1. May I ask you to say which residue of 164, 211 is modelled with pLDDT of 75 or more and farther than 30 Å from residue 17 by Cβ?
2. Would you check if residue 385 is in contact (Cβ under 8 Å) with a residue 60 or more places away in the chain and either assigned to a loop (DSSP other than H, G, I, E, B) or over 34 Å from the mean Cα position of the chain (by Cα) (or both)?
3. Test residue 362 against the criterion of being in contact with a strand residue (DSSP E or B) (Cβ under 6 Å, 6 or more places away or on another chain) and surrounded by fewer than 16 Cβ atoms within 10 Å (Cβ to Cβ), and give yes or no.
4. Tally the residues that are over 20 Å from residue 383 (Cα atoms) and either under 38 Å from the mean Cα position of the chain (by Cα) or assigned to a helix (DSSP H, G or I) (or both), restricting the search to the range 547-568.
5. Select from the range 150-170 the residues that are over 15 Å from residue 297 (Cα atoms) and surrounded by 16 or more Cβ atoms within 10 Å (Cβ to Cβ) and list them in ascending order.
6. Evaluate the range 41-48: report whether one residue or more is at pLDDT 80 or above, exposed (fewer than 15 other Cβ atoms within 10 Å of the Cβ) and more than 30 Å from residue 380 (Cα to Cα).
7. Condition first: under 37 Å from the mean Cα position of the chain (by Cα) and either in a helix (DSSP H, G or I) or on the phi > 0 side of the Ramachandran plot (or both). Now tell me which residues in the range 519-546 satisfy that.
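The values are calculated or read from the model by the stated rules, or taken from the named source; none is laboratory data. The structure displayed is predicted, hence computed values, not measured ones. Reconstructed Cβ throughout: ideal geometry from the backbone, glycine too, with neighbour counts over all protein chains shown.
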């Protein structure tokens, strides 16, 4: 019932194309039955040859029988191709609709949810899980229709000529089917799930490792960072080897059973011909030896189809794991923020619903003010910024921008109100011009060039052969981390949003790039509400207000000078920071 419900769901997604899928089943079954007709003519050819021997000139119908066998074989192939064309059209539409549904849902999800999922895992689910349904519908289901039709036709053929040999031909089928049952079922379904989990884990770790290579090289952590990726490969290897060994014996027995039909036929023939061999019996025996390999092929198809049905079941479960994520609720009556002020009231937030990451936090940022979130790692700084930009919704409390609850601001307007510069700025595989224009798609070339100039990107553009039209990424040029950061700042400048969030935006920039990034920040921040997340305390010395976040609470707040006069957490962090800077300078000297 579960598989049928999955099939019904896939056909519902196909819309009008489901009739093409139905047609593919009919055509595939018809092709399988037509493909048996040439064997009928082969039997007549053998019969005429045996009866005419040794005077073969009496065999007058051999050419006719041979041409008819070829004709029906060609017709069977053409009908099968027509069935595949129908199945592929339906399968492509279903896979496309699944991908569209998944991506449309991902767009409505909180941005943080996609990050938590993992880009490699999400990519694999959207692409490969939908591709699994495509293979199933385009090939497996038509083949299943053919695999069901073939035994029906074979039963007729097997019992028409000699029912005793027909029964012997079915004996290995029954034995092979019983062995196959031990390799399928709920246990096999669980194994398929484990297999996909192992692949998913390895894919996710591979993507995250490749993306983190710049950071790995910066801090010289190659061996340690590779350990997690290698662990996923080792787990996959261990699982595959164990699974292969587990299925080795039943697979050997299954292969021997379905290919042992000749042993049954020969043993039966020896028993049935104790009183002598007739021409008719010899004819039937030769015919059965020719036709019985179809049985093993058909049974093997059925076995792999049951496996692919499990893969599709698992693929749909994984797609559902994305579709089941709750999207952000959209208000029916959106409001517009009046300015760039930010207000947080009694915020409580938890990722897993158990341990609170943020606990009853409240503060207010006037429009045009620059504030900084500092504190120990894991204290909740980035989470707090994510709630302000509505990457997540808090379990309780309110976040307001321009006096309006962020839940009452439309998604498009909220994205136009808040801009982000992350420590890991990502550029798409396109020209610099198009990368920057993403901030405001309707911007002119001149406006993009002006934003690049204000973001201190002049030296980047000058050294590139095609200037702003230079493609970055694969099959293009590669920029340093600091250069990518400046391009990202140009994008934010072009967007011209009233609220800007800077999350460790200079963490991996070299001194020259950092100076230019800081200059770009100064230009970017004019007249804006700026929220900075920083570990380098020197970068927050001149901000209007500092919030020290520790263990999900605001431990203390105030201007830099005020906090340094107190004997609090910020003072201790500042003293430790100054000591580390002096130690580095002394050591280098």
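1. So the residue among 164, 211 that is modelled with pLDDT of 75 or more and farther than 30 Å from residue 17 by Cβ is 164.
2. Judged against the criteria, residue 385 is not a match.
3. Spelling it out, residue 362 is indeed in contact with a strand residue (DSSP E or B) (Cβ under 6 Å, 6 or more places away or on another chain) and surrounded by fewer than 16 Cβ atoms within 10 Å (Cβ to Cβ).
4. Adding up the residues that qualify gives 6.
5. 157, 158, 161, 162, 165, 166, 168 - these are the residues of the range 150-170 that are over 15 Å from residue 297 (Cα atoms) and surrounded by 16 or more Cβ atoms within 10 Å (Cβ to Cβ).
6. no
7. Selection gives 520, 521, 524.
To keep it simple, each residue is scored yes or no on (1) modelled with pLDDT under 90; (2) out of contact with any strand residue (DSSP E or B) (no Cβ under 9 Å at 6 or more places or on another chain); (3) buried (at least 20 other Cβ atoms within 10 Å of the Cβ).
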| residue | (1), (2), (3) |
| --- | --- |
| 415 | yes, yes, no |
| 419 | yes, no, yes |
| 455 | yes, yes, yes |
| 473 | yes, yes, no |
| 486 | yes, yes, yes |
| 496 | yes, no, no |
| 511 | yes, yes, no |
